[in-house]
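Values quoted throughout were computed directly from the atomic coordinates according to the rules given, and no laboratory measurement underlies them. Not measured: the values here are computed from a predicted model. As a convention, Cβ positions derive from the backbone with ideal geometry for all residues, glycine included, and neighbour counts pool all protein chains shown.
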Amino acid sequence: MVKPHTQQAKKCLLSILDSCGSVPLEVAYLQCNCDYDSLVGALASLIEEERVSIGRLKTRPVWLLAKKSATPANGKEIWHTDRKKMLRILPEALKMIRKKHNKGQKSNDKHLTEQQNIVVALLEDGIPRSREEINASTGILDIEYPIWRSLCRLPDGRYTVPNSKGAWEVFFRYINERPRRRAHLLRLFSDHREITTLLTTEIDQSPLVRLPRGLITTIDSEEGRKAAEKRKRLTLARETLGSLTKPFFVPGELDVDKNAFMYIVDSLAVEVVFEGKTYYCLRREFPGEILVEQLGDISGRYFAPPHVASAPTFLKENSLVEKKATNLLGFNPETLEHLAQARKLNYFMLDERKRFWRSDIEDLKRNKGRVNNIIKKHKKLEATASVLPTGVTTNRAEQAKKRAPRSERTMPPVTKLTLDDFQIEAAEALREGLSVLVSAPTGNGKTLVAEMLAKDVMAQGLGMIYTSPLKALSNQKYRDFKRLFGDDLVGLVTGDISINPGAPMLVMTTEIFRNWCLSEPEQLKKTSYVVFDEIHYLDDEERGTTWEESILFAPPHVKILGLSATVPNVDEMADWISSIRGGNVVVILEKRRTVPLVIRWLSPCGRIISQKEARKKIRILSEHSKTLRSGKYKNGDNKVTGSPELSGSKITELIQDKLPALFFVFSRGRTEILAQELGNNWDFLDKKEKQLVGKHISEAEAEHPGTFSGPGWRKLRRLLYQGIGYHHAGLLPPVKYLIEQLYSNRMLWVVFCTETFAAGVNFPAASAIFDSTRKWDGRDFRILQNREFFQIAGRAGRRGFDRAGHVFIRIDSRFPEQTGFFQEKKVEPVTGRLTISPNTVLSLMCYKTDDEIKHFLNGNFKMHQLKKRKSSLDLEIKMVLKRISALSVCPDCQTLACPLERENARRKLKRLRWKSKNKEKVLLKKKLSSFAAKKCSDIEKCRSTIEKLKQSQACLRLLKEEYRVVSQNTNSIFNEYREVRNLLEKLGYMKEREFYPRGKFALELHVQEILVTELAFSGLLEDTDLAEVAAIMAGIEYIPGRNTHVAKLNLPALRKTSLIRHNLLKMGVPEKFCIWSGLPGPLAYAWYNGAGFNELLAMSSLQPGDIFSLFRREIDLLRQIERAATGNPRLVERLQAVRSRLDRDEVALNF
């Protein structure tokens, strides 16, 4: 006989499956709200009755449950229907649930039970407590580990009991900070049944709001409010489209939010263009008479009406795509294109594809004489086209607009170099052997100071190191210095390549220099100077730590030359360097731009306007934009419409006398779209220039076979012949280098590029155009900082040629309020960004004394600034206190005996009467009656004094609060260091100064040290197939983009890696030390097994440059592990084999 609890669990499970179809087994358990034994009995009973099926995901160890009659078949899951087999695998499926169930059971050990009862009794009040607080409150200092395991641990490290009030508070606070993934929340709060039940509810349940990609937040958060508002707009847009009675419509004529419409339109309608006018046609079916009648009104073509039909389907049935039309007629595509452009054959665009009316094509096919004449005529056109460069058609060449006549001096002339004052001052200070910081605007010639220093240093028989923030920039500088000093005197050292490392002039990334300072200081014995290019990268959130450590760890005999863009606190940076390294640090500050910038704005109506006009225009556009987004009408029936976007072609026409231009765009895809659009209308090169471009392209294709055959190269090649290019991180390095060469050789007139094109490499232009000043920073869209803007804008203006550099900012008609206005005098100061990593702690403990470690923690730039601010606040507080004590205040001041205070109290009492706040009213009356009113001899003087006193007291409160925060932050670096050190000791990496095998291994790593070490020591890298090792390593420190997808591959090694990472997180290792994703694994697996680069592109949404960077990072990491595993020859041999298979073809670096 089935027990009542089991019977109830059966009914609950069947109810869940009826409403949800298939669900994860763990979710079913949480929603069922039953105990573990009842769940086991219910499942066994349902399997015996053959009413359910058990399955699992192919890609992850997630067990699923579904009704046997409704088992899904989508290829992503494996389902079992055999009753005996399901009963055999049931224990394995319930393993995870059993673990969680056993965790909550009380121990049979009497000693442990007593401890557990005491701790649980303490936590019954619902207030979460830390370990230290629990130890202190219970008086038990040695609480056993099983007790801690049995408690519910919250994300902030405190403990509580299930479903407590404190757990709910932490939960809501945690998801209010930022949206969190549901799977992550289910793992963190798995012991809180009420919370997990709320999370597993499939519909939004107040106060939770579900966001895309499995994220959850609350309705009170900013993201929650945005999501609710967005859903409201989407619902309204769907209802509007659903209420249309005709299939074709123009979006601008509907009262719907533009963004909401664009979000849902692809699922409900298809874009169609007739005679240059854009319509959308709904996918749903309509009566044939309505469809045919409206289509006739729009296109001028009439058809026999079907009974019912979908407009897109009807159009496809009555038309042919280009390929089918050419096959039917026997034309080549160029002939058909010529007929369409000459308007001798009508066509329309459906879903961005050109289509010809079927009846026209069939009529033309029947008229064979006309067809033969067309073919003969087009052969003559083809003969003319054969004299043009590949990629430029006759029709395009005839239609392309030519640039306005060029002046004789189109580019800066070669003149004798004249040094600026700041360059001379810097050179003199460096010759005296001093450390120097040079702060000057972008494009003023800071690099020339480093070149003069290199010449002087090598003349003395000493060495110099030039560091840069990016590998691409290091490679560029290496090529530049080779041209200046020759191959023998210049070397390059990055993470994945080493060329001539014994040369006196070395170019390297800052990370490599930092590592040499710690582990190989003997390499720096002959080095007299290190150059930090773009030293303001100290402020970079990701790389700033490496820059600080490099400056702190550099040997005392090495002097520093720092090259920085204009920053307001360069003196503070110099003070810091001087304080930690000793000696004088000379600041060379140049505020004047050699070529001044003229900043103007481009309005959507196609005018170049000043800042004053731009502000006025933006105010008007913002009002229109808000009205448009709200869907409201203006002036009765006239609907507000958005302003058209100013095209790249129109912008080029406006500034054609200010070319060449760099067009900065903060989207890779948009750089290509804008370049293609400009290429449809402009051709900047003559025949001779096209031949030179062709020569460069042929040389590049011969040097890198295969690299220039990927998707998109044909279109880019055509654009290059027209003097147009695009440049972004998604391109392979040889392609980017080709574009840089063509631009620097004056063969490209407009380059659409992302901000990386402005990162340090000197590519000046007459103009810099900002497509927008709004960028995505990885978390949200924001306006550029002043420093970022002027770093990019500084590329405008060619020294010795342009009187001014022209900067143009396009006003985005969609988001006009996010157009930036920038001032160079408001450039943001550089701040310290030091963070403590496991390698930092291990390196300090291995190579530094206790005093040196203390000096490091006390002497970093962040601490320098905090101490300086603390000292400043201390002084300000003393001054305010002095000001307060100097005020002559009567004894009754700020009491209800003072007439002024009584007057304020009576006013407050009057307000309380209106608000019906009786308790406060009674309390205030009592206070008034407790003081006897006194007269004031000089009430106006008292009023003025009290006002000053209150202002000073308010100021004092703010200063004291800031002082408290600054004091806390001064301890943050020490606390962070202790936390990481304690973690390493807990994991068995070290103890005091004694290093265990794991610690020695991690010391050689600089990427995800803990995760990589645990993978190596788990035996996974030694026992796994080499292709799967490549797949594992590809995911280290990889964070997928918002829309990244890769073809899935079921690899056991990826599942094991995920489990190791999961266990580390459970042990308290922070997520930032366990960054790994299985997403790129299939790419590395395929590349190792010999797949071609184009095959990888077909497998994923990643661009060629992304895949190249992915494998270069992996190769660098494999080298690090090889150095760490020197005592394990077998592992080293395996990793070398993986690296050699990855480092080939397009991924290999060629210099």
If you count, for each residue, the other Cβ atoms within 10 Å and average over each peptide, how do 39-46, 271-278 line up from highest to lowest?
39-46, 271-278
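If each residue's Cβ is checked for other Cβ atoms within 10 Å, how do 944, 813 rank with the fewest at the top?
Working: 944 12, 813 18.
In order of increasing Cβ crowding within 10 Å: 944, 813.
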What is the spin-label model distance, in nm, from residue 695 to residue 460 if the labels are put 7 Å beyond Cα along the C-beta direction?
4.3 nm
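What shape does the stretch 1015-1151 take by its C-alpha gyration tensor, where a ≥ b ≥ c are the square roots of the eigenvalues and a/c under 1.5 counts as rounded, a/b above b/c as prolate, and the rest as oblate? Don't skip to the answer; put the middle values down first.
On the way: a/c = 1.68, a/b = 1.15, b/c = 1.46.
Oblate.
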Unsatisfied cross-links (Cα-Cα over 28 Å) in the set 482/559; 1000/1072; 258/650; 736/862; 736/825:
736/862; 736/825
Neighbour-count order for 963, 1085, fewest beta carbons within 10 angstrom listed first:
963, 1085
Does the stretch 421-589 classify as rounded, prolate or oblate by the C-alpha gyration tensor (a ≥ b ≥ c root eigenvalues; a/c under 1.5 gives rounded; else a/b over b/c gives prolate, otherwise oblate)?
rounded
Set the Förster radius R0 to 30 Å, insert the Cβ-Cβ distance between residue 744 and residue 677 as r into 1/(1 + (r/R0)^6), and round the FRET efficiency to 0.05.
0.75
What does the net charge come to around residue 266 if you take all other residues with beta carbon closer than 12 Å to its beta carbon, with K and R at +1 and D and E at -1?
-2
Please state, as a whole number in µm²/s, the translational diffusion coefficient that the Stokes-Einstein equation yields for the stretch 597-826 at 37 °C and 0.692 mPa s, with Rh defined as the Kirkwood radius across alpha carbon pairs.
175 µm²/s
Separation between the residue 978 and residue 193 pseudo-spin-labels, each 7 Å from Cα along Cα→Cβ, expressed in nm?
4.0 nm
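By per-residue mean of other Cβ atoms within 10 Å, what is the highest-first order of 222-232, 132-142, 543-553?
Working: 222-232: 15.2, 132-142: 12.0, 543-553: 23.0.
Output ranking for 222-232, 132-142, 543-553: 543-553, 222-232, 132-142.
Residues with beta-carbon under 11 Å from that of residue 507, excluding residue 507: net charge, scoring Lys, Arg +1 and Asp, Glu -1? Don't jump to the answer; show the numbers that get you there.
On the way: positive: 471, 477, 479, 482; negative: 480, 533.
Once all neighbours under 11 Å are counted, the net charge is +2.
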Among 263, 174, 466, which comes first, then next, by fewest other beta-carbon atoms within 10 Å?
263, 174, 466
Projected label distance in nm at residue 37 and residue 118, using a 7 Å step from Cα toward the beta-carbon:
3.1 nm
By how many nm would the segment from residue 823 to residue 687 grow when fully extended, if each residue of separation counts as 0.36 nm and the alpha-carbon distance is taken off?
44.6 nm
Viscosity 1.567 mPa s, temperature 4 °C: give me the Stokes-Einstein translational D for the stretch 130-176 in µm²/s, with Rh taken as the Kirkwood radius over C-alpha pairs.
112 µm²/s
Dipole magnitude (debye, nearest 20) for the stretch 597-826, charges at Cβ of Lys, Arg, Asp, Glu:
780 debye
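Give, as a single signed number, the net charge of other residues whose beta carbon lies under 11 Å from the beta carbon of residue 464, with Lys and Arg counted +1 and Asp and Glu -1. Don't jump to the answer; show the numbers that get you there.
Working: positive: 455, 526, 559; negative: 451, 456.
Net charge around residue 464: +1.
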